[in-house]
Every structure is written in structure tokens, then in C-alpha cells.
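Data block below; observations after.
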Amino acid sequence: MSDLYTVDGPSPQEPTAWKPIPLKNVLQDSTGYRPDPGLVDAVNVALTLGMPLLVTGEPGVGKTALADSVARRLGLGDPLKFVAKSESRASDLFFTYDRLLRFQESHCTNEPLDFKKYISYVALGQAILNSRSREEWGGLLDGKPHDGPKRSVVLIDEIDKAPRDFVNDLLVEIERLAFPPLPDMPNQMSMEADPNLAPVVIITSNQERSLPDPFLRRCVYYHIPFPNHKQLQEIVEVRMKKLFNPQTQPAWLARAMELFWWLREGVKPELRRKPGLGELLTWLVFLGERAIGQSSLKDSFLFETACPLMLKTSLDQGRQEALIKVWTSSSKQG
């Protein structure tokens, strides 16, 4: 039974037996992550000074994977991740509070409610709690996971999507490393991190909008450039090794790489939105799944499958027929 979408022929009587999607396994595996030397230096400067590290770069160049790599190399377990949103507030870095559940349960009992049941600690809040032993927090962690005392890596992802107030408040909270007031806890104990186990904080931005100068002054900063041809080939070999043996790469891989670089750098006039590393790796995962056992693929198949992933504006997709003609004719001349 096919697991591909078609519009002809009878529909199956039984549900299609879907194969596991390999994207997560291939694209989110940071074990082969290789930061460039400048980024390694930036990480070590941040570690030495105890400052947050702000990392920018195109989507897919490895900003998020850096946190996984740093946490693994320092033996600190999985990073604690917070993804910024347009409605994010500074308190969201520490905890979430299920007010709806508390409201519902308050109408079902006359007994006092335990606020701890409705609170979940996240990211910076969990890192503060991890920096001290469970006993130091009294009963605050009853029924909650705790893995301390230890240092943590905190990833604050896509900060450029957050409101300006969140960005302005963020470094204040990182420098204080103390909880804001918790809901329904009038006699809250002091909740500060052990300064000797302060978290390693990595902040990422896709540069969708500029960040305030005061924020930049208080961070270590590194921009990850898009990899050159040699670096990109090495990245592909490492990330795709779950799909095929790097020593026996299919012939279509080299051709696919040529098409990617042509779309990114060779198309005239340029595409309105150039394809990035994330699109390339996703496309190669698709090709690796659909071309099992095939050493070569037709140029037309490469181009047609690349377009939904590489051409991400209606104007660029409107050029598809003209682009494939130029691509195929240039390859014949070559």
C-alpha cells in the first residue's frame, strides 16, 4: 500500500500504514554538531564572564543546536528551553500557572487549595531550582521533578519574536536570578539561584527585528555565518549519515547540492527569499526516503520536489517553469 498522496485510482479500504517521519531524528540530532572556531571562542567568553550569549544567524545554521551541544559537552543534561512568543512576559521565563484549573477546582471543594498543584516551573525558573538541593526549597518542590544541585543550560529561543518589554526585562531577570512573586503565595521564601551554579544562558535571534542597544551591550554576541561550500558538504555528511553511508553517497546527492547552490546564489534575478540550511536538510531527508536504492534521480524530479521547500514566496514559485528550463539547459551545456 502506498503512503503517498494521489488523486487517481481507488481509495484504500484500510488506513494507510504510515512510516515514522525521519525529520526529527535527522534534523534535531546534535551529536554531530560542529561549531566554527569563532563560536567556540564566544561560548568560552560567555562561560568565563558569566554573561548570556546572544547568537544570530539564518534559520537552520545551528543556533538552537548550540545549546544542546554546550549542555552535552559540559555534562549538564538536556537544556531547559523557552521559545519566545509575541505575548511572552518576563514571568513566563520562570513558571506557568493554570488559573483555569484552579478556578474550576475552587468551586468543587471548601478545602484550601495547594497552589503548587497549579504551577509548573520552566526554563530559567527550573534552572534556579536546580542550583540548590531539594531540601533548601522546603516543600516548594513537592510532587515536582528536581535534578539538583547542579548547573543548567537555558536556551531562550527566537527572542526577536517577543515584545519589546520582554527583551528589556530579560537581562534584568538573568542578572537577578531570583523568582518573581508566585501566585497565591503571600509568604514566599526568597528564591534565588546559587551564584556558584548560575545557569549558562544562550539566547537566539533570527534577526527579524533589531534588538535594543542596552540589551546588546550586556551580552556576548556571535553571528553564525552561512556555511561555505566545503563546510556545507561536511554538515550534510554528518547530518545525513542516518540515511546513507557517507562513504557510499548516492550520485544524486552531488546534483542536489548543485541545485541548492544555484537556487541560493546562481538565479538571476535573485529569489525574493533564498533557501536556507533548514530547507536543504529537509529536502535531502525527503530525497533520502524516496530514493532508497537509487543512485541517480532525474533533474526534473529534483527540481519539482525542491520547489515546495526552496521557493517560499508566490512570486518565486511563479518562476518555477522558467527556472527549471534554465536549470536543465545549463546542465546539458555543462
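Quick note: the coordinates plus some simple rules give every number you see, no bench work behind them. Note that this is a predicted model, so its numbers are computed, not measured. Here the Cβ is made from the backbone with ideal geometry for all residues, glycine too, and neighbour counts use every protein chain on show.
Residue pairs exceeding 29 angstrom between C-alpha atoms, taken from Lys63/Lys298; Lys85/Lys312; Lys161/Lys298: Lys63/Lys298; Lys161/Lys298. Assuming charge only on the beta carbon of Lys and Arg (+1) and of Asp and Glu (-1), the dipole of segment 227-333 about its Cα centre is about 100 debye to the nearest 20.
Dimensions of segment 227-333 based on its C-alpha atoms, expressed as ranges along the principal axes with the largest first, amount to 37, 26, 23 Å. With viscosity 1.002 mPa s and temperature 20 °C, the Kirkwood radius over alpha carbon pairs of segment 197-258 converts through Stokes-Einstein to a diffusion coefficient of 139 µm²/s.
When both segment 291-316 and segment 51-94 are represented by their alpha-carbon centers, they are found 32 Å apart. Neighbouring Cβ atoms within 10 Å as the yardstick, rank Val326, Val55, Val172, Val285 fewest first. With the sparsest Cβ surroundings first, the list reads Val172, Val326, Val285, Val55. Below 15 angstrom from the Cβ of Ser88, what's the summed charge of the other residues (Lys, Arg +1; Asp, Glu -1)? That works out to -3. Full extension of the chain segment joining Gln231 with Val326 gains 31.5 nm, where the gain is 0.36 nm per residue of separation less the Cα-Cα distance.
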